[in-house]
Amino acid sequence: MPRGEKGKYTDKQKRKAEHIEHSYEQKGVSKDEAESRAWATVNKQSGGGEKPGGSGSKTSSSEKKAARADSAKRAAKTRQGHARTSASSLQSQTKQSLMKEARSREIKGRSRMTKVELIEALQEKG
């Protein structure tokens with residue numbers, strides 16, 4: 001006979017164990033062995049007794065609200081970044097994106113320019 005207390009299991013887990021136990025008994029396994037195997041199977045499949053429901057159920061609503069606000073502040077700060085025409089912003093862009101920017105500002109000779117020349121031209125036109 002299994003040693004643990006079964007009160008902590010959900011109704012679904014209990015029904016599953018009964019069904020598995022019944023299947024083992026039909027195959028000729030003794031009642032005690034069938035019950036033991038059934039609960040071992042349920043434990044392996046569901047990780048044991050009843051678990052608290054839902055993700056983050058131990059986090060209070062005020063903690064969640066504070067975390068969301070903090071996350072929003074960090075996201076807003078990231079979005080501020082630097083101006084699109086600042087030297088550091090232009091340096092971090094690819095030549096292709098610099099080419100698009102030069103096209104939108106109608107910079108002449110852009111197709112023959114290197115990345116460095118594109119950056120200089122965009123800063124001048126800034």
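Numerical summary
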{"item": "Residue tally, condition surrounded by 13 or more Cβ atoms within 10 Å (Cβ to Cβ) and outside any helix (DSSP H, G or I), over the range 89-104", "result": "1"}
{"item": "Selection from the range 15-40 of residues that are surrounded by fewer than 16 Cβ atoms within 10 Å (Cβ to Cβ) and either in a helix (DSSP H, G or I) or at positive phi (or both)", "result": "15, 18, 19, 22, 23, 25, 26, 28, 31, 32, 33, 40"}
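Where a number appears in this text, it was derived from the coordinates with a stated rule and is not lab data. None of the values given here were measured: they were computed from a predicted structure. Every residue, glycine among them, receives a Cβ derived from its backbone with ideal geometry; neighbour counts consider all protein chains shown.
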